[in-house]
Amino acid sequence: MRKAWKTPFTQTFPCRLPLCSAPMAGVSGGLLASRVCRAGGLGFIAAGHFRDLPALETEIAIFFQDGRRQLQGGLVDVASDHNVRTVKGVDAAINKLSIGFIGHSSLSTEEGWENYEYILRKYQPLAVQFFAPSIVHRPSRGTNVTLAKKYGTKFIAQVGSIREAKEAMQHDIDAIICQGSEAGGHGLRRNLGNSTMALTSQVYRMIRESGKHKSDEKVVIPVLAAGGIVSGKHLASALCLCDGAVLGTRFWASEESLGNTALQQTLLQSNSCDDVVRTTVFDRIENELKESCRWPEPYDSVGALRNRTTEEWDGRSEAELGYAVDASDLLQRYKSSADKSDPDVVCVLAGEGVGEIDSIEGAYDIVIKIEEEALEAIDKLNSI
């Protein structure tokens, strides 16, 4: 039996390790989440914009099916699990179902709220995570937090600034993720965001000084770091600042990833942190190609690999890009490149840790390798 790590995060969630896989839209499905859970972390399924309920339920079914196979095969360490609840027809030992939602679009309609409550009522997830924004209000419904709590589901808020963290702390959240600007994928524009280390450290200090605990419990609200974290050394570093870490890009480069395999291979090229940029360019183009679920300010910014599109347009004014969209074949050329999965033109999401990823591996093996590296790093620190 592997070591059970003890942090406020593992005391709050049924995890052996203080580690989560990020709910990346189009990437994080049921199999990926299940394998991360099997290894001891908390794996998330991405609901994304939450516009395809049957597709989400399919991934939930895959999550439970794979969990049952693991349990029957003796691959689940039931003894290390705690705080699990039974859903009808589901073994308590595999009930770690956790789902991530994009706030601005998932609950933008009454239908979205109805579907959200349906998922909470039917599947009773262990946890839900929201970002962009993390807290969503509707006069007739209350907040996404209160609805989750109605069904006994834990709520994790992802923030990118102190301002967002302060708002989240006004609600009955169970954990808070600090997404630094080094992260891949969507987040605050670079002039509004913060580095992973500075944001995480200051939110951690703010929560500790406030003495804010989870409702009716003695455990302080856990703080997790996200952004540029891909290795065990990074996890060990995060634990010097807070209670755990969230990894996205590392699991984008996993065998269980649902993402585009041609674009996924781009993550393994000779990249470094120099090859990643946080930019609004891709959303400014892609929003023009979308009929719905356009990314609004200040979340219309992604961490992605530099390519010809960013070389040509990043740093140029919105007026210049707007003129090109209206007066040239820019959109047509971009769409054609997207159809061909051309990484030299289209957006390939990646965080600044991508330079330390050199292989596509199974999610279980990734987690175990990260754990072993983290233990080595901690032992090294103990020897100083």
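We did not get these values from a lab; they are worked out from the coordinates using the rules stated. The structure displayed is predicted, hence computed values, not measured ones. Neighbour counts run over all protein chains shown; Cβ positions are idealised from the backbone, glycine included.
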Item to check | Tilt relative to the chain, helix 30-39 - C-alpha long axis, 0 to 90 degrees, to 10 | outcome: 50
Checklist entry - So between residue 317 and residue 379, what do we pick up on full extension, going 0.36 nm a residue minus the alpha carbon distance? => result 17.4 nm
Next on the checklist: Counting other C-beta atoms within 10 Å, and keeping those with at most 13, which DSSP coil chymotrypsin sites (Phe, Trp or Tyr not before Pro) do you find in the range 254-357?
Outcome noted: none
Checklist outcome for this item: Each label sits 7 Å from Cα toward the beta-carbon; between residue 68 and residue 332 the label points are separated, in nm, by 5.2
Checklist outcome for this item: At 37 °C and 0.692 mPa s, the Stokes-Einstein diffusion coefficient in µm²/s for the chain, with hydrodynamic radius from the Kirkwood sum on alpha carbon pairs, is 156
Checklist entry - Taking the Cα-to-Cβ direction at residue 272 and at residue 58 and moving 7 Å from each Cα, how far apart do the two end points lie in nm? => result 4.2
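If you take the beta carbon distance between residue 3 and residue 339 as r and set R0 to 45 Å, what does 1/(1 + (r/R0)^6) give as a FRET efficiency, to the nearest 0.05?
With a Förster radius of 45 Å, E is 0.45.
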Next on the checklist: I'd like the FRET efficiency for residue 191 and residue 109, computed as 1/(1 + (r/R0)^6) with the beta carbon distance as r and R0 of 30 Å, rounded to 0.05.
Outcome noted: 0.50
Next on the checklist: Can you give me the C-alpha center-to-center distance between the range 103-157 and the range 5-76, rounded to a whole angstrom?
Outcome noted: 18
Item to check | Degrees, to the nearest 10: 330-339 long Cα axis against longest axis of the chain | outcome: 50
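Specify whether the C-alpha gyration tensor of the range 168-213 places it in the rounded, prolate or oblate class, a ≥ b ≥ c being the square roots of the eigenvalues: rounded for a/c under 1.5, otherwise prolate if a/b is larger than b/c and oblate if not.
Values: a/c = 2.60, a/b = 1.81, b/c = 1.44.
Cα axes put the range 168-213 in the prolate bin.
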Next on the checklist: Report for the chain the percent antiparallel among DSSP-assigned beta bridges with both residues inside it, nearest 5.
Outcome noted: 25
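How much net charge surrounds residue 117 when only the other residues with a Cβ under 10 Å from the Cβ of residue 117 are counted, with Lys and Arg +1 and Asp and Glu -1?
Details: positive: 121, 122, 141, 150; negative: 114.
Overall, the nearby charge balance is +3.
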Item to check | Three-way shape call for the range 304-360 based on the alpha-carbon gyration tensor, with the a/c threshold at 1.5 | outcome: oblate
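Write down the Kirkwood hydrodynamic radius of the range 281-384, to one decimal in angstroms, obtained as one divided by the mean of 1/r over all alpha carbon pairs.
Values: mean 1/r = 0.0598 Å⁻¹.
About 16.7 Å for the range 281-384.
Quick check: from the Cα gyration tensor, does the range 88-238 come out rounded (a/c under 1.5), prolate or oblate?
Working: a/c = 1.57, a/b = 1.40, b/c = 1.12.
Since a/c reaches 1.5 and a/b is larger than b/c, the shape of the range 88-238 is classed as prolate.
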Item to check | Alpha-carbon spread of the range 137-180, three principal axes, descending order, Å | outcome: 31, 21, 13
Checklist entry - Loop-only check: which trypsin sites (Lys or Arg not before Pro) in the range 2-69 are DSSP coil with at most 14 other Cβ within 10 angstrom? => result 2, 3, 6
Checklist entry - Helix 53-72 sits at what angle to the longest principal axis of the chain, using alpha carbons and giving 0 to 90 degrees rounded to 10? => result 40
Checklist outcome for this item: Expected unfolding gain across residue 137-residue 265 under the 0.36 nm per residue rule, minus the alpha-carbon gap, is 42.1 nm
Checklist entry - Using r as the Cβ-Cβ distance of residue 150 and residue 198, and R0 as 25 Å, what FRET efficiency do you calculate, to the nearest 0.05? => result 0.10
